[in-house]
Amino acid sequence: MDVIIRKARLKDVSGITRLWQQLIGCHQNVCGYDKPLFAHKKNALSIYRKYITKCIRSRNSLVLVAESDNALVGFVEAAIGKLPDIYLHDRELRILGIYVDENFRRKGISRKFFSEVAKWGKKKKVYSLGLMCSVHNENAHRSYSKIGFEEHHWKMSKVI
Ligand SMILES: CC(C)(COP(=O)(O)OP(=O)(O)OC[C@H]1O[C@@H](n2cnc3c(N)ncnc32)[C@H](O)[C@@H]1OP(=O)(O)O)[C@@H](O)C(=O)NCCC(=O)NCCS
């Protein structure tokens, strides 16, 4: 099964949106996103379509897809983010979404995604990659650790 990793094009928006819906399902089943804190707007799907279209067009974002047999089986979305000016390295490349179809996992697709994302980040003079991950998503933790990511913050929220 050959898998091609390439930059996303506008014609991929529907395929990416379909994978994003699967990612949302995973968030709800595995990551505890069924709480009111994470409730979606009714038109979340159309908002996401517009959002990912904008990311594909943006020079400060990178959207990659994995394609097998003319079907999309994974995507990653990253954007350059700014840290406070006090930091020597004040630009990081944030991974804002990553998903690989269940049938294509553990075949090195996310490793290739991260390698391409890092290459692009270096060209853009970015110092590090950053991502957030639910505390419940242990498979993703294990996978990110193997790729070299290290934990350094806990994000906490309180409904007021
Ligand atoms: C997390 C995810 C993106 C990993 O993608 P993947 O293509 O299967 O990962 P890879 O095959 O490239 O594996 C990368 C490394 O992680 C390891 N790994 C992957 N899944 C793992 C798991 N479930 N448990 C332990 N290690 C794992 C692999 O062994 C590999 O390490 P190695 O090269 O040293 O052997 C994929 O499981 C996924 O889409 N999960 C559902 C959505 C999700 O959780 N997204 C992240 C939200 S923050």
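Working carefully through the options Ser145, Ser115, Ser110, find the one that is at pLDDT 95 or above, over 21 Å from Phe75 (Cβ atoms) and either crowded, with 17+ Cβ neighbours inside 10 Å or out of contact with any Asp or Glu (no Cβ under 8 Å at 6 or more places or on another chain) (or both).
Answer to the selection: Ser145.
Give the residue, chosen from Arg106, Arg111, Arg94, that is more than 18 Å from Glu150 (Cβ to Cβ) and either away from the ligand (no atom under 12 Å from the Cβ) or of a type outside the set (S, T, N, Q) (or both).
None of the other options fit; the residue is Arg106.
Hey, could you check the stretch 119-138 for residues that are more than 13 Å from the chain's Cα centre (by Cα) and of a type in the set (A, V, I, L, M) and say which is farthest from Lys35 (Cα to Cα)?
Val126
How many residues, within the stretch 17-55, are in contact with a helix residue (DSSP H, G or I) (Cβ under 6 Å, 6 or more places away or on another chain) and aliphatic (A, V, I, L, M)?
Residues in the stretch 17-55 being in contact with a helix residue (DSSP H, G or I) (Cβ under 6 Å, 6 or more places away or on another chain) and aliphatic (A, V, I, L, M): 1 in total.
Which of the residues that make up the stretch 77-110 are part of a loop (DSSP other than H, G, I, E, B), aliphatic (A, V, I, L, M) and either touching a residue at least 24 places away in the same chain (Cβ under 8 Å) or in contact with a Leu (Cβ under 6 Å, 6 or more places away or on another chain) (or both)?
Within the stretch 77-110, none qualify.
Regarding Val73, is this residue within 12 Å of the ligand (Cβ to nearest atom) and closer than 22 Å to Val3 by Cβ?
yes
Do we have Asn60 as at pLDDT 95 or above and away from the ligand (no atom under 14 Å from the Cβ) here?
Here the answer is yes, as Asn60 does meet what is asked.
Please go through the stretch 126-145 and pick out each residue that is more than 7 Å from the ligand (Cβ to nearest atom), in a helix (DSSP H, G or I) and either in contact (Cβ under 8 Å) with a residue 40 or more places away in the chain or of a type outside the set (Asp, Glu) (or both).
Hits for the stretch 126-145 are His141, Tyr144, Ser145.
The values are calculated or read from the model by the stated rules, or taken from the named source; none is laboratory data. All values derive from a computational prediction rather than experimental measurement. All Cβ positions, glycine included, derive from the backbone under ideal geometry; neighbour counts span all protein chains shown.
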